[in-house]
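The values are calculated or read from the model by the stated rules, or taken from the named source; none is laboratory data. Just so it is clear, the model here is predicted, and its values are computed rather than measured. We place every Cβ from the backbone using ideal geometry, glycine too, and count neighbours over all the protein chains shown. Keep in mind that these areas ignore ligands, DNA and RNA; they rest on the heavy atoms of the full protein, side chains included. Shrake-Rupley method; radii C 1.70, N 1.55, O 1.52, S 1.80 Å.
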Amino acid sequence: MVTRNKNFTRLNSGYLFSEIQKRKQPFQKENPDAKLISLDIGDTTEPISEHIINGFKTASVKLGTAEGYLGYGHPQGDPILRQRIADKIYKGFIQPEEVFISDGAKCDIGRLQMLFGPDRTIAIQDPAYPAYLDTTLLMNSNLVYMPCLSENDFFPDLEKTPPCDVILFCSPHNPTATVATKEQLQKLIEFAKANSSIIVFDSAYAAFIRDPQLPKSIYEIEGAREVAIEIGSFSKSVGFTGVRLGWSIVPEELLFEDGTPVKQDWYRLISTFFNGASNIAQMGGISALDDADVNATTFYLENARILKQTLDQKYTTYGGDHSPYLWVHFPNRSSWDSFEEILSQAHIITTPGSGFGPSGEGFIRFSAFGNREKIEEAARRLTKLSL
Ligand code: PL4
C-alpha cells in the first residue's frame with residue numbers, strides 16, 4: 001500500500017465551510033420547518049449582468065462555427081483580457097505581460113504554494129481565509145501567525161513577526177473586513193524587503209473599496225513591484241463564483257535569491273499544472289471590463305449596511321463599509337457557542353471566527369451576500385437576538 005501523505009494529518013478533519021454544513025444538518029433535521037438563512041459562505045446570489053451574459057453567448061456561438069472555434073488558449077490567458085486587466089484595474093501600474101489569467105484566486109493560492117515549494121516559512125494573518133492555512137500545512141511549510149486584533153486595528157504587529165519566506169496577506173481582509181491603508185502596506189513592503197520575503201497580496205475583495213484613499217492594489221505603493229505578487233478575482237465583483245475566473249500579477253522586477261525572475265518560474269508552473277481558464281469565462285471577463293455597469297458590489301454593500309445597522313445596536317461590529325463581511329464581537333462565549341445560539345434563536349447560519357484562526361475566537365463573521373428579502377428578514381431576526 002502507498003503511505004498516506006503525512007501532511008494531511010496536519011489538517012483539521014473538515015474544511016471550515018464543510019464543518020458548518022455538517023453542524024447545520026442536525027438542526028435542520030430537528031427543526032424541519034425552520035427557514036434557515038445562510039450568512040456563512042461568501043457566495044454571490046445576484047444574477048450576472050445581461051451585458052456579461054451577452055459576452056458568454058457570443059463566445060459560445062463562435063465556438064460552434066468553423067471560423068470562430070478555439071481550442072487550448074495561451075497558457076497565460078487571452079491577451080485581450082490581460083490588456084484590459086492591465087488598463088482598467090491596474091491603470092498602467094502593470095503590463096499585460098505580467099498578468100496571468102486563472103480559474104480563480106483560491107486555485108492560484110494552491111499553485112503559488114507549489115511555486116514556493118515545501119518547507120518554507122509562511123506568515124498569514126490570524127484570522128485568515130482557511131485556504132491559506134491548509135495549503136501551507138499541505139506543503140509541510142512552517143506557519144507563522146500574525147495576530148490581527150481590534151487593539152492593532154486588525155493589522156499585524158510587524159515588529160513581533162519573525163522573518164519568513166512568504167507573507168499571504170489579504171485586503172480588504174477576510175474575515176475582519178478591514179482594509180489596509182497605504183501607510184500600513186508601505187510598512188509591510190519594508191518588512192518584506194528587510195527579510196527578503198515575498199508578499200502574496202490577495203485582492204479578491206478590492207472592488208468593494210469605496211474610499212479613494214484606500215489602496216485597491218499593493219502596486220499603488222512604492223517598492224511593491226520588487227516584493228509582491230497580487231492575486232485577483234472576478235468572483236465577487238461580477239458574480240463569477242461559479243463561472244471561475246481570476247488572475248495573478250507577477251512583476252518583472254520580482255526575483256528569487258539567485259536572480260531568476262519569479263515570473264519565469266510561474267509561467268513554467270502554470271504551463272505544467274494548468275491549461276488555462278475556460279475561453280467562455282474569459283470572454284465574460286472581457287465584457288465585465290467594458291465600460292458597462294456590471295458591478296454587483298454596491299448591492300452587497302447595501303446588504304452589509306442593513307445588517308450592520310441592526311448588529312451595531314447591540315454588538316461591537318467591524319467592517320461592511322468596504323467589504324461584504326461584518327466581523328462581530330460576542331464576548332464571554334466561544335465562537336462556536338455563538339454560532340449555535342444564532343442558529344437556534346434566529347435560524348441564521350454564520351461563520352464562527354475561531355474557524356479562521358485563534359485570534360478569531362469570540363467573533364462571528366456575517367456574510368452580506370444574499371437576496372435583499374433574505375437580508376432584511378435576517379436583520380429583523382437579529383434585532384431579537386439575545387446573546
Ligand atoms: C467558499 C480571501 C469565501 N468554497 O472564487 P475565488 O477562487 O476567486 O476566490 C476565493 C477566495 C480567495 N481569497 C479570499 C476569499 O475569501 C475567497 C473566497 N472566500 C468565504 O466565504 O470566505 C468563499 C469560500 C469556498 C472556499 O472554501 O473557498
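Per-atom-type breakdown for segment 258-387 gives carbon and sulfur 46% of the accessible area (1.4 Å probe, protein chains only). If one puts a single equal scatterer on every Cα of segment 96-152 and applies the Debye formula without solvent, what log₁₀ I(q)/I(0) results at q = 0.27 Å⁻¹? Computed log10 I(q)/I(0) values: -1.07. Calculated from the alpha-carbon coordinates, segment 98-203 shows an Rg and a Dmax of 13.1, 38 Å respectively.
Say we join alpha carbon atoms closer than 10 Å with springs in a Gaussian network model of the chain; which of GLN125, GLN264, GLN282 then has the biggest fluctuation? Residue with maximal mean-square fluctuation among GLN125, GLN264, GLN282: GLN264. Taking Cα centroids, how far is segment 74-134 from segment 330-375 in Å? Each part reduced to its Cα centre gives a spacing of 29 Å.
In summary, segment 29-92 shows an alpha-carbon radius of gyration equal to 1.84 times the 2.2 N^0.38 Å reference for compact globular proteins. Comparing SER102, SER359, SER171 in a Gaussian network model of the chain (Cα springs below 10 Å), the most mobile by mean-square fluctuation is SER359. Eigen-decomposition of the gyration tensor built on the alpha-carbon atoms of segment 130-177 gives equivalent ellipsoid semi-axes of 20, 14, 8 angstrom, largest listed first. Surface exposure of the chain, expressed per residue as accessible area with a 1.4 Å probe, stands at 45 Å². Applying a threshold of 24 Å to the alpha-carbon distances of LYS160/LYS182; LYS106/LYS160; LYS35/LYS106 flags LYS106/LYS160; LYS35/LYS106 as lying beyond it.
For labels at GLU252 and ASP293 in the simple 7 Å Cα→Cβ model, what's the distance in nm? Label at GLU252, label at ASP293, 3.9 nm between them.
For the pair segment 135-173 and segment 201-226, the centres of their Cα atoms are 18 angstrom apart. Per-atom-type breakdown for segment 41-196 gives carbon and sulfur 55% of the accessible area (1.4 Å probe, protein chains only). Each residue of segment 221-226 is assigned a 3J(HN,Hα), and the resulting list reads 9, 4, x, 5, 4, 7 Hz, derived from the Karplus form 6.51 cos²θ - 1.76 cosθ + 1.60 (θ = phi - 60°), x at Gly and Pro. Based on the reciprocal of the average 1/r between different C-alpha atoms, the Kirkwood radius for the chain equals 21.8 Å. In the calculated pair distance distribution of segment 244-333, what percentage of Cα-Cα distances lie above 22 Å? When all Cα pairs of segment 244-333 are counted, 60 percent exceed 22 Å. The packing ranking, built from the mean of other Cβ atoms within 10 Å per residue, places the peptides 172-185, 333-346 in the order 172-185, 333-346, highest first. Where Rh is the Kirkwood radius over the Cα pairs of segment 265-317, the temperature 20 °C and the viscosity 1.002 mPa s, what D in µm²/s does Stokes-Einstein return? In µm²/s, the coefficient rounds to 143. With contacts taken as Cα pairs under 8 Å and at least 6 residues apart, the chain reaches a relative contact order of 22 percent. Figure note: TYR267, TYR69, TYR129 ranked by solvent-accessible area, largest first, 1.4 Å probe, ligands and nucleic acids not counted: TYR69, TYR267, TYR129. Global dimensions of segment 1-45 from alpha-carbon coordinates: Rg and Dmax equal 15.8, 48 Å. Please work out whether segment 201-273 counts as rounded, prolate or oblate from its C-alpha gyration tensor, where a ≥ b ≥ c are the square roots of the eigenvalues and a/c under 1.5 means rounded, while otherwise a/b larger than b/c means prolate and anything else oblate? Oblate is the answer for segment 201-273, as a/c is 1.5 or above yet b/c matches or exceeds a/b. Mind running the shape call on segment 235-387? Use the C-alpha gyration tensor, a ≥ b ≥ c as the square roots of the eigenvalues: rounded below 1.5 for a/c, prolate if a/b tops b/c, oblate otherwise. Verdict is prolate for segment 235-387.
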